[in-house]
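Heads up, the thing below is written out as structure tokens.
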């Protein structure tokens, strides 16, 4: 069976991905339309809950069946999401060794419009623990802090490659196996594979 998304044909989803929409987030993730494919690729449906266009970045965690972290990926979406609009985002997962037994969790990492920016009010370690609980089917959530802009500010992707590389070494329980960071055309993808 094939499933067509955004003009591309993808194999049927192997398993559902868990989503965490932070409290106060202008971007909502649909928990019934998030899937991890074995290519590996994660696809998730997003909706702008407001009336103003918003830019956003997503964070994905991949956990092994025993709950160990296999890796993380930050994905800055290049296109603004118009007010009240829905969209499907396809995220190539370049974390090493993803298997059919692994579980994925995705959240909104950061968002911005001409009027405000939203950032997670949790450390990376706290975010990962919430994601681990979500992967195991437990409750728990994240929340955004909102910062109003006095003047319209252009969106910048949260793509600080040295900071991502440093965090990669800290979050992996047995050390990092690989790190990638690729800013391109106002967007960015950064991933960390654990040993």
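Observations
- At an R0 of 25 angstrom, the distance between the Cβ atoms of residue 23 and residue 129 translates into a FRET efficiency of 0.90.
- Residues 117, 99, 187, ranked from the fewest to the most other C-beta atoms within 10 Å, line up as 99, 187, 117.
- Between the C-alpha center of the range 103-180 and that of the range 35-85 there is a gap of 11 Å.
- Length released on extending from residue 68 to residue 177, taking residue separation times 0.36 nm less the Cα-Cα span: 37.8 nm
- Packing-based exposure ordering (other Cβ within 10 Å, fewest first) of 100, 58: 100, 58
The numbers here are math on the coordinates, done by the rules we state, and not lab data. Predicted model, so just to flag it, every value in this text is computed and none were measured. Neighbour counts run over all protein chains shown; Cβ positions are idealised from the backbone, glycine included.
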